[in-house]
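Here is the structure we will look at, set down as structure tokens.
What follows draws every value from the coordinates through simple rules; no lab data is involved. What you see is a predicted model, and the numbers here were worked out from it, not measured in a lab. Backbone-built Cβ (ideal geometry, glycine too); neighbour counts: all protein chains shown.
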Amino acid sequence: MSIRSQASDLWHRLMLHGQRNKLPFSEGNQVRPLLDGAEILGALRSLIAEAQATLHFEIYAWADDETGRCLLTELEAARERGVQVRGMVDHLGSWSALEMLKASRLNLRFYHPISWRLPWRLWHRRNHRKLLIADGASAVVSSANWADAYNCGINTSCYRDLGLELQGPVVLQLEEDFRRSWTRTGGEVLAPGPGIICKGCGSEWIEGVDIQLVSSLNGGGRALRRHLLLIIKQLRHRALIANAYFIPDPQFLRVLLRAARRGIELDLIVPGASDHPFVQAASRATFGRLAKAGVRIWERQERMLHAKVAVLDEDLAVLGSANLDSRSFRHNLELNLMLRSRDLTVMVEAALEAERRNSQSWSGIKPIRWSWFQRTAYLFWWWL
């Protein structure tokens, strides 16, 4: 069976899984890859500036810095010209900007506000999504937060992120997902948007993309985990995975090991310069078994790799907000897109190849030995 036929077989299995689990699916979408934080923020600003009726967004970390204040000013300007602006902001993730946001004139809902009234089980359940929808017609989905740390236009050591600007039927599905998230936190019930016709697509756009939407609002975070486990079990050729916080639970780790042992080419790119040393220690604790099974492991040096993306077999890609850890799988509100497009995977692979050139390889190192701190950290996989 050819690689293309095998990829089609994987897509068919994903569609069957989606039907059983009510995962939205759409065909004929237009996608524009956003290959760093500057492109992501540029697309956000363009959608805000061009919006005519509604702007809906969800964001985990919104900072009180130059980037965060600029986006706030632009959203308030959209509100002044009559656009209905509604936003979901994670209370803990945007802690440093709460005074700025509460003083704004925007219609904001804060997810699980931290207080003594909040049950302890909800303190660590955060809205980790990064989504903006304009007029129900165009959307941006990415891994980048709204802060200087992610803005490559002003920060030469910015985090490395990837995103997508989208048009087509998937945007209506994202809008429906936002409405469910909005009402879940006490927002008013929203009617479907006006359905404004989207702008024309240029040469940088990829057309005819099939997309499956995997949201924590459809079956909880475990829905994302089940979806990714199914993908790995059904792989026929290869997977290139880049993820900011790679702490697979024991079952997920076993599935990766089995895939490598049955001949699947697995490449893993993770941060070498991490913003969470304990998380990095837990991640590194898995490297020995993975490398022994044949997984090629790369640590991105100098800058924090913050992307959450994978290229699977020949023409499938996953991109969104979910890390490969228990926090994303079991607790957070997350959003991933599974996309089918050879043109898109070629562009994503090229972007990840640039990250790999700036990485240190752990492949072939025998043995990989870590300190007691690193060996012990993985015992907390269920919390991290």
Quick one: the Cα spread of the chain along its three principal axes, in angstroms, biggest first? 61, 48, 39
D (Stokes-Einstein, µm²/s), Kirkwood Cα radius, the range 29-211, 0.692 mPa s at 37 °C: 197 µm²/s
For the chain, what is the charge dipole size about the Cα centre, in debye to the nearest 20, if Lys and Arg each add +1 at the Cβ and Asp and Glu each add -1 at the Cβ? 2040 debye
Give me the number: length gained by fully extending Glu188 to Arg226, i.e. 0.36 nm times residue separation minus the C-alpha to C-alpha distance, one decimal in nm. 10.5 nm
Given the peptides 296-307, 325-336, arrange them by the average over their residues of other C-beta atoms within 10 Å, most packed first. 325-336, 296-307
Tell me which residues come under 5 Å, amide H to amide H, from Thr54 once H is placed; ignore anything under 5 positions away on its chain. Gln84, Asp135
Give me the net charge for the shell around His331: Cβ to Cβ below 14 angstrom, other residues only, Lys and Arg +1, Asp and Glu -1. +4
Take the chain, connect every pair of alpha-carbon atoms lying under 10 Å apart with a spring to form a Gaussian network, then pick out the residue of Gly202, Gly42, Gly272 with the largest mean-square fluctuation. Gly202
To the nearest 10 degrees, the tilt of helix 169-184 (Cα long axis) against the first principal axis of the alpha carbons of the chain is 80 degrees
Take the alpha-carbon centre of the range 296-347, take the same for the range 215-294, and report the distance between them in whole Å. 10 Å
Sum of side-chain charges, Leu162 neighbourhood, beta-carbon under 10 Å (Lys, Arg +1; Asp, Glu -1): -2
What's the tally of Lys pairs in the chain whose alpha-carbon atoms lie under 20 angstrom apart, where the two lysines are 8 or more places apart or on different chains? 5
If one takes the longest principal axis of the Cα atoms in the chain, at what angle in degrees, from 0 to 90 and to the nearest 10, does the Cα axis of helix 37-50 lie? 20 degrees
³J(HN,Hα) across the range 373-383 via Karplus (A = 6.51, B = -1.76, C = 1.60, θ = phi - 60°), whole Hz, x for Gly/Pro? 4, 6, 5, 6, 4, 5, 4, 9, 4, 5, 9
Mind listing the phi-derived Karplus ³J(HN,Hα) values for the range 320-337, rounded to whole Hz, using 6.51, -1.76 and 1.60 with θ = phi - 60°, and x for any glycine or proline? x, 10, 7, 7, 8, 8, 5, 4, 6, 6, 10, 10, 6, 7, 10, 8, 10, 10
Unit charges at the beta carbon, dipole of the chain: most positive-side option, Leu101, Thr67, His306: His306
Which one of Ser341, Ile269, Met88 is farthest out on the positive end of the charge dipole of the chain, using unit charges on Cβ (Lys, Arg +1; Asp, Glu -1) and the Cα centre as origin? Ile269
Label-point separation (nm) for Asp148 and Gln251, each offset 7 Å from Cα along Cα-to-Cβ? 4.4 nm
For Phe380 and Leu118 in one chain, what is 0.36 nm times their gap in residues minus the Cα-Cα distance, to one decimal in nm? 91.9 nm
Quick note on Ser115, Ser143, Ser181, Ser26, ordering by fewest other C-beta atoms within 10 Å, gives Ser115, Ser26, Ser181, Ser143
Determine ³J(HN,Hα), in whole Hz, for all residues of the range 293-299 in sequence, where each value follows from phi through the Karplus function 6.51 cos²θ - 1.76 cosθ + 1.60 and θ = phi - 60°; x replaces Gly and Pro. 7, x, 6, 8, 10, 10, 10
Tell me, what is the percent relative contact order of the range 225-297, built from C-alpha pairs under 8 Å that lie six or more residues apart? 38 percent
Net charge contributed by nearby residues that have their C-beta within less than 9 Å of Pro33 (K/R +1, D/E -1): -2
Cα axis of helix 250-261 to longest principal axis of the chain: angle in degrees, 0 to 90, nearest 10? 60 degrees
Label-point separation (nm) for Asn21 and Arg289, each offset 7 Å from Cα along Cα-to-Cβ? 2.2 nm
